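Quick note: the coordinates plus some simple rules give every number you see, no bench work behind them. These numbers come from a predicted model, not from an experiment. Cβ atoms come from the backbone with ideal geometry, glycine included; neighbour counts cover every protein chain shown.
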Ligand code: EPU
């Protein structure tokens with residue numbers, strides 16, 4: 001285990017922000033993780049997964065602990081179902097592809113989401129009508145004080161829209177070390193009614209899709225809308241889709257009958273933040289190297305050498321404009337560090 005000093009995090013955050021860590025260490029085993037935790041106060045450590053959901057607005061004057069735990073295996077299976085376990089440091093999309101190669105269904109709609117397995121439960125990643133919680137069996141996490149691992153059940157994780165117990169009551173107290181998923185081995189339940197999946201499959205001439213076909217369709221759709229972080233730094237959706245009172249929604253509909261929406265309850269409606277930003281005329285807008293993506297206004301991008309502060313400044317401008325135009329407060333989905 002080597003501790004690197006004054007280490008650039010540019011290749012460890014998908015925004016590609018060139019912030020530095022005072023110290024950086026990648027842990028490859030539970031023992032190494034325990035050793036780091038034993039020798040430091042947890043407040044002196046910064047835990048890093050895939051770096052796909054954060055905006056670094058400055059250098060980190062702490063020891064950055066990169067979770068490099070690897071491994072994936074089948075734990076148990078019946079004719080219908082399988083439980084697999086993957087270590088926190090596995091790349092999310094590689095895991096999805098691996099499950100599909102084995103013929104295991106469930107994660108196909110979550111293809112090509114950047115990030116690692118261990119950070120996926122923290123914000124209950126989701127796309128195309130599926131959320132991680134739909135196939136989550138449990139996860140193991142290490143208590144940063146006691147160094148003991150605890151297994152968290154689905155209910156204990158208290159998953160919500162881009163939310164979990166790890167972002168709330170237990171924030172900073174546990175490090176997820178592995179995740180178990182419950183997947184299907186046959187009679188896969190395909191979810192193709194969300195977004196453009198069905199039309200993408202139809203355009204390929206596929207009438208009875210396999211899980212791999214659905215994954216390929218999702219990959220294609222994502223590639224057309226969302227920038228590849230390797231080519232253009234970004235963190236996916238920068239804001240959450242806001243949930244607003246039905247009455248407020250009704251007032252907006254009068255002016256904008258075409259507004260897309262998803263009912264949440266009798267009294268609340270979720271609307272796409274990307275649509276709001278687009279309507280505000282900000283799609284493609286740019287301040288220096290900090291910009292709003294051309295094809296998906298919910299995604300902020302780093303055109304090259306933007307600093308985290310510049311992207312943060314742009315995000316505040318968006319929040320202000322949406323507040324003025326629609327009376328809606330946008331909440332950041334990425335973690336601002
Ligand atoms: N829209 C616009 N203009 C835009 C962007 C979107 O008018 O610039 C409209 C679209 O036409 C569509 C609606 O807004 O009617 C929704 O857009 P889209 O289907 O692209 O999805 P989204 O709500 O913007 C969410 C997730 C994404 C996920 C997609 C697909 C959140 C915050 N974002 O985006 O997740 O991939 O649905 O399921 O819930 C992420 O979290 O990083 C992420 C990319």
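Here are a few things to note about the model shown:
- Treating each Cα of region 152-285 as one equal point scatterer and applying the Debye formula with no solvent, the log10 of I(q)/I(0) at q = 0.11, 0.21 Å⁻¹ comes out as -0.66, -1.28.
- Estimated translational D of the chain in µm²/s (Stokes, Kirkwood radius over Cα pairs; 20 °C; 1.002 mPa s): 101 µm²/s
- Among 185-191, 30-36, the peptide with the highest mean count of other Cβ atoms within 10 Å heads the list, and the full ranking is 30-36, 185-191.
- Label-zone membership for region 42-57, site residue 1, 7 angstrom Cα→C-beta point, backbone N under 15 Å: 42-48
- Reduced Cα scattering model of region 1-75, Debye log10 I(q)/I(0), q = 0.14, 0.24 Å⁻¹: -0.45, -1.13
- Extent along principal axes [Cα atoms of region 72-225; Å; largest to smallest]: 55, 35, 23
- Per-residue ellipticity at 222 nm from helix content only, as computed over the chain with -39500 (n - 2.57) for each DSSP H run of at least four residues, stands at -7000 deg cm²/dmol.
- Ordering of 43-55, 108-120, 267-279 by burial proxy (mean other Cβ atoms within 10 Å per residue, highest first): 108-120, 43-55, 267-279
- Normalised alpha carbon radius of gyration of region 233-336 [divisor 2.2 N^0.38 Å]: 1.08
- Scoring 62-73, 242-253 by mean Cβ neighbours within 10 Å over their residues and listing the highest first yields 62-73, 242-253.
- Hydrodynamic radius by Kirkwood, which averages 1/r over all alpha carbon pairs of region 292-337, in angstrom: 11.5 Å
- Relative contact order (%) - criterion: Cα under 8 Å, at least six apart; region: region 1-76: 37 percent
- Here the relative contact order of region 233-336, from alpha carbon pairs under 8 Å that lie six or more residues apart, stands at 32 percent.
- Packing-based exposure ordering (other Cβ within 10 Å, fewest first) of 98, 92: 98, 92
- Modelled spin-label separation between residue 143 and residue 76, with each label point placed 7 Å from Cα along the Cα-to-Cβ direction: 2.5 nm.
- For q = 0.20, 0.29, 0.33 Å⁻¹, Debye-computed log10 I/I(0) when each Cα of region 97-139 counts as one equal scatterer: -0.62, -1.26, -1.39
- Relative contact order (percent, whole number), the chain, Cα cutoff 8 Å, 6+ residue spacing: 17 percent
- The orientation-averaged projected area of the convex hull spanned by the Cα atoms of region 53-154 comes to 8.0 nm².
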